[in-house]
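No lab work stands behind these numbers, since they all come straight from the coordinates. For clarity, every value in this text was computed on a predicted model and none was experimentally measured. Note that we place each Cβ from the backbone using ideal geometry, even for glycine, and neighbour counts take in every protein chain shown.
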Amino acid sequence: MASQEFQSKLMALQANMLNFAYMLTSNRDNAYDLLQDTTLKALDNEDKYAENTNFKGWVFTIMRNIFINNYRRASRNATVVDQTEDLYHLNLSQDSGLATPEGSYGAGEITDAINAMSDDYRIPFSMHVAGYKYNEIAEKMSLPLGTVKSRIFFARKKLQDRFADYR
């Protein structure tokens with residue numbers, strides 16, 4: 001395909017590409033950016049287009065791949081890397097609720113409720129909240145995995161029932 005013909009086919013698809021970009025991004029400015037990136041990428045890779053293949057499908061695949069790559073890049077950049085001693089920032093809840101007197105009272109009440117549970121429920125629940133996986137808890141407590149899961153479920157259910165009016 002001649003370069004002029006390739007460019008004219010690409011320009012004829014611009015309206016369809018913009019609609020697809022808007023469908024992917026749900027934002028007009030991001031859709032225009034995606035359209036521009038796709039157009040440039042298609043022009044740069046004109047030599048990789050094989051004759052007698054679906055041109056529209058080829059271009060839309062480029063657009064979809066660019067969108068996915070940008071999404072993954074944004075997700076990676078949003079990841080927080082905590083380099084403080086003892087991972088202080090990761091262990092600190094973003095909205096712990098302790099900034100207000102009501103929040104600290106609620107946290108104390110929740111702690112009391114957890115401590116009031118029998119060891120059968122309190123220990124697996126506390127370990128789960130601390131970050132242990134179900135199989136690790138089962139191994140440490142010498143219990144079947146299903147028993148650990150059900151005890152954690154029932155402990156959570158007891159807390160939900162007790163603090164139903166906090167919702």
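Brief remarks follow.
- Net +/- balance of residues flanking residue 139 in space, Cβ distance below 15 Å, scoring K and R +1, D and E -1: +3
- Whichever lysines have a C-alpha closer than 24 Å to that of residue 48, once near sequence neighbours (fewer than 8 apart) are set aside: 9, 56
- Residue 52-residue 72 pseudo-label distance in nm [points 7 Å out on the Cα-to-Cβ vector]: 3.3
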